[in-house]
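Enquirer: My questions all concern the structure below.
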Amino acid sequence: MSLILIYLFNMGLFCFIFIRKHILLCLMSLEFIVLYLLFMIFIYCLMFDYSFYLYILFMTFFVCEGALGLSVLVLMIRSHGNDYLNSLMLW
């Protein structure tokens with residue numbers, strides 16, 4: 001089970017590093033990574049009989065991160081007209 005989770009986490013990192021055309025694709029791969037991190041924390045809390053306060057704390061941070069990413073995406077689409085990273089002047 002843990003090998004599958006590590007494999008899926010690494011595939012999410014691979015997608016995040018090598019797919020850099022759209023910001024929406026980067027945000028989706030980042031949310032994929034966050035989802036498996038949250039699942040790994042949940043499994044860790046279950047295995048060692050910890051309380052789920054840490055899980056709730058991380059879930060709150062991950063929801064705020066997702067909302068912040070979507071707001072940046074909407075702001076960029078309103079200002080530039082698309083979500084292509086090639087249209088920005090990133091040095």
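Enquirer: Assuming R0 = 25 Å, what is the FRET efficiency of LEU75 and ARG20, from their Cβ-Cβ distance, to the nearest 0.05?
Expert: About 0.85, to the nearest 0.05.
Enquirer: What percent do you get for the relative contact order of the stretch 2-80 when only Cα pairs under 8 Å and 6+ apart count?
Expert: Rounded, it is 26 percent for the stretch 2-80.
Enquirer: I would also like to ask the following. Would you please classify the overall shape of the chain from the alpha carbon gyration tensor, given that a ≥ b ≥ c denote the square roots of the eigenvalues, rounded means a/c under 1.5, and beyond that prolate means a/b larger than b/c while oblate covers the rest?
Expert: Since a/c reaches 1.5 but b/c is at least a/b, the shape of the chain is classed as oblate.
Enquirer: Further, regarding this structure: Given only helices, namely DSSP H runs of n ≥ 4 each adding -39500 (n - 2.57), what is the per-residue ellipticity at 222 nm of the chain, to the nearest 500 deg cm²/dmol?
Expert: Mean residue ellipticity at 222 nm (helix-derived): -27000 deg cm²/dmol.
Enquirer: Nearest 10 degrees, 0 to 90: what angle lies between the long axis of helix 23-47 and the longest principal axis of the chain (Cα atoms)?
Expert: In the chain, helix 23-47 runs at an angle near 10 degrees to the longest axis.
Enquirer: So, one more: Compute the acute angle (0 to 90°) between the alpha-carbon long axis of helix 53-80 and the principal axis of greatest extent of the alpha-carbon atoms of the chain; round to the nearest 10°.
Expert: On a 0 to 90 degree scale, this one is about 10.
Enquirer: Kindly express, to the nearest 10 degrees and within the range 0 to 90, the angle between helix 2-18's C-alpha long axis and the longest C-alpha principal axis of the chain.
Expert: Helix 2-18 and the main axis of the chain meet at about 10 degrees.
Enquirer: Given a 10 angstrom Cα cut-off, can you work out which residue in GLY12, GLY69, GLY81 is the most mobile in a GNM of the chain?
Expert: Maximum fluctuation in the GNM of the chain, among the listed residues, is at GLY81.
Just so you know, all these numbers are worked out from the coordinates, no wet-lab data involved. Keep in mind it's a predicted model, so treat the numbers as computed, not measured. We place every Cβ from the backbone using ideal geometry, glycine too, and count neighbours over all the protein chains shown.
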